[in-house]
Every structure is written in structure tokens, then in C-alpha cells.
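Read the figures in this text as sums done on the coordinates, not as results from a lab. Note that the structure is a prediction, hence the values are computed from the model and not measured. Counting neighbours? That spans all protein chains shown, and the Cβs are built from the backbone with ideal geometry, glycine included.
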Amino acid sequence: MKRLSWALSALLFSLLVPASTANASEFNFSVTTIIPDNQTDSSKTYYDLLLEPGQTQTLEMLLRNDTSEDVTLNPAVHSATTNVNGVVEYGPNEIEADPTLSYPIDQWLTIEEELVIPAESEIVLPLEVSMPNESFDGILAGGITLQEQLESSTDTTDGEDQGLSIENEYAYVVGIVLQQSEETLTPELELLNVSPGQLNARNVIQATIQNPVSMYVNQLEVKAAIKSSSTGEVFFETEKEMMQMAPNSQFGFPIPLNGAPLEAGEYTLEMTAKAMGAEWSWSEPFTIDADEAGQLNATDVSIPPTDYTWLYVSIGVALVFASIILFWWRRRQKKQQVGIVTQKNPPATAS
């Protein structure tokens, strides 16, 4: 069975923090960053570097394998993104890059796509960094994923030859931040759109928040309410604290419906966000049409399926009564016809 575990950060990121489903002893290799002189803070175990425009540099990571088998790794680089929980991710995911991300960090870092750490030995993995020639404010942020490649046998049930399949199991993510100056930027947030959707097969209203600045937005707090556009009645509301957004990223902040079905109509999102001493407020109208609501309600696992039993019973009873009435009406019609014929043909009398 495939298992994948990421060693990620708690707030920004730190190096080699095993996830809850794995501990450090379950890794077949260890990683140690070799911190260069241009590190902004030597106490950090991830790379946080200050470079000039166009500057190139080779970073190094020490990889150690204490097992009796060779370890094969598939390194990769990914830009930092923000997930729907308001948590920054540094590993591979399906989150689309924000349009304001001018310099995806994977385009400025070069690393081997596959390497082998021999048994009971260590090697140095080089990472080539090339800064953009243009000067920019803020930071480029991402993660270097070191993912182990394991071989496992695959059995066949029809007598065919056994083969080998590759399983990716555990991975470390080493954070990296690149900047050309340590100038402090001002945070900005934008509300891009509001629309109904689903999260974990449950209906939500998603408010897409964007951080268009090349800086982290820390300790983000959001409060949101969905109201009727005509009456102002509040239908749904939620709030969440201690979130974080990656530089130049966006995420769909979910307002849960708590099992209530979506209903077509005109609504307004009232939302406020606070972070790093700044505050933003939005009032955004939106529409839910009947077709969209019906499709989402049909696939929401928290909404019980409609019970049509009483409808079927009612229809059945109505059909029975209709049959009885129709039968009674036909018998009455026949009796009336017999009476008419009898009156037209009276019985003969003796002369």
C-alpha cells in the first residue's frame, strides 16, 4: 500500500519535522542543510538567503544513509502555496499558481531529478540558485522535496511473471526563501470572487482571498457571514484565526453550510480580515441559481436523500379513490341507461 508523509513546518517552515503519521526513525535517510554565509539568520535550519539580481550560488545539503541498502531519492522544487485551511504548503500539490507570482521559485533553482545515497554512507547534494536579473521587492518562497523511491514486488494472480513497481513513501521538505533586500513590505489582501462549491463532499460558500504581495501574511483572522440581499437575514457565518498565506498566493476561504441545502437566490457576503496590524472589509453580492444549487445538493453527503414514501403513498391512495369513483360512476351510468330503456318499452297488457 502506498503511504506518503511530508515533514513540514508549523508556522513558516523548519527542517525535518516528521508528520503525525511518521517519525524520524521511519526515514531511511537524513538531511542536514549546509548554511552559507549570506544566510539572513544563521539560527534557521532552512535556507533564507540574501542575493543580488542575477547572482548565482550553489547550495549544499548533506544526505546520509545509515541503512544497509542503497536509497534512491527524487528531489523536486515547488513554490509555496496556500491551501483551503489557510496553511502554507511547500511540497507538491494541485493548487494553481496565483497570477501575481512573477518568479516561480522552481524556475530559478536546479537540482538533480534522481540520485542514490549508497548504503552506510553520505553524499552532498548541490542545488544551483540563479536569481532573476531584474530587481524585485519581497521574497521568493518554496520547498525542496526529497522523496524516497522504494521498490516493491507485485504479485499476479494469473501466473504471469512477477514485476517491480515503484512506491513513493516518505519525504522531507526543506524550505527556501530568496530575497534581494530586507526591506519591509506592506500587506495587501484582495477578495477575488464568491461562489458556491464543495469541500470534502459538503456544500460551502467559497470566498477567494488573494495575497498579491511577495511576503507572508501571518496570523490571519477572517470573519464571514452570508446574508440575504433583500432582507439582510444572516444564513451562515464562520470565523477562523491563526492562518497564514504564502507570498503571491490565493485560497478559497470556506463558509460551511452545516448540512443545510443550498437555495437559489440573491445573497451578499460580508467579510473582514485582520493580519499584521492591517484590516480589510468586503461586501460582495452573488447569485446562486437553481440548477447549480440542485447539482451541489445532490452530491452533498451531509444532506439526507429526499424521502418520497409519503408522496408515493398519497399518489397510490388517490389512484385507489379515483378507481372507486370511476367504478361507481360507470355502474350508475349503466343503471340509468337500463331505466331509460325500460321506460321506452313498457310491458304489454292483455286486451
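For the reader, a short list of remarks on this structure follows.
- Qualifying residue in region 27-48 (condition: over 27 Å from Glu134 (Cα atoms), among the aromatic types (Phe, Trp, Tyr) and out of contact with any helix residue (DSSP H, G or I) (no Cβ under 6 Å at 6 or more places or on another chain)): yes
- Total residues in region 220-255 satisfying the condition of being within 18 Å of Asn83 (Cα to Cα) and polar (S, T, N, Q): the figure is 5.
- Among residues of region 279-305 that are more than 30 Å from Gln219 (Cα to Cα), those with a Cβ under 6 angstrom from a residue that is surrounded by 15 or more Cβ atoms within 10 Å (Cβ to Cβ) and among the hydrophobic types (A, V, I, L, M, F, W, C), sequence gap 6+ or separate chain, pair up as Ile288/Leu262; Ala293/Leu262; Leu296/Leu262; Asn297/Leu262; Asn297/Ile303.
- Taking the criterion of being buried (at least 21 other Cβ atoms within 10 Å of the Cβ) and among the hydroxyl-bearing types (Ser, Thr, Tyr), the only residue of region 222-257 that qualifies is Ser249.
- Candidate set from region 32-79 (those that are in contact with a Pro (Cβ under 9 Å, 6 or more places away or on another chain) and over 18 Å from Tyr103 (Cβ atoms)); member that is surrounded by the fewest Cβ atoms within 10 Å (Cβ to Cβ): Thr58
- Matching option when the condition is assigned to a loop (DSSP other than H, G, I, E, B) and of a type in the set (Asp, Glu), among Glu60, Glu69: Glu69
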